[in-house]
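The numbers here are math on the coordinates, done by the rules we state, and not lab data. For clarity, every value in this text was computed on a predicted model and none was experimentally measured. Cβ coordinates were reconstructed from backbone atoms using ideal geometry, including for glycine residues, and neighbour counts include every protein chain displayed.
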Amino acid sequence: MTISIRPHHLLCMLTYLGKGYTPDFVGNYTGIVKRLNAGEPIELVSGPDDICQPMLGESTCHCHNDSVQSRDLEAAVEIGHVLGRNLQTGDCIVLTGEALQALRKAFSDGTIRSACVACEWAELCSDIASNEYRGCRLRLAPA
């Protein structure tokens, strides 16, 4: 199986500690991260993904907003530069320990943070990055 992920969620996963919008959201997200840690591949999607699922029925759901779609476009370009490939909808990615390390380094130095502008979680993510990602749930072993 593959996990459907929108591009800006590739950034969010870098700092995921087990916090989120609702208990259902956190439980779902934690399950997805466990699958990623086990080596399950990612399929890039446009619009709501597997992480969004618990939010889709809520009146405050922002998953379809233009601002979120803009974040996806920015994230895809910047992450693609780090991974050395042009990322597009439908692409499959298998995250490795080396790729995670490269993405976290780029996140820490701000190279891949354009999509984070105006995100309500940006300050928390910056704090996590400055704390060397301690406690983060995504932990891929080097190949």
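Highest average first, the peptides 30-36, 10-16 ordered by how many other beta carbon atoms sit within 10 Å of their residues are 10-16, 30-36. Between Thr2 and Tyr21, the contour length at 0.36 nm per residue exceeds the alpha carbon distance by 4.5 nm.
So if each residue of separation counts as 0.36 nm, and I subtract the Cα-Cα distance between Thr30 and Ser70, what length gain in nm does that give?
Values: separation 40, 0.36 × 40 = 14.40 nm, distance 2.51 nm.
Fully extending the segment from Thr30 to Ser70 adds 11.9 nm.
Extents of the chain, largest first, come to 40, 31, 30 Å (Cα atoms, principal axes, whole angstrom). For Ile42, the residues whose amide H sits under 5 Å from its own are Ile3, Ile93, Val94, Leu95, ignoring neighbours fewer than 5 places away on the same chain, with H placed 1.01 Å from N.
Find the centroid of the Cα atoms in the stretch 71-143 and in the stretch 22-40, then give the distance between the two in whole Å. Answer, in whole Å: 17.
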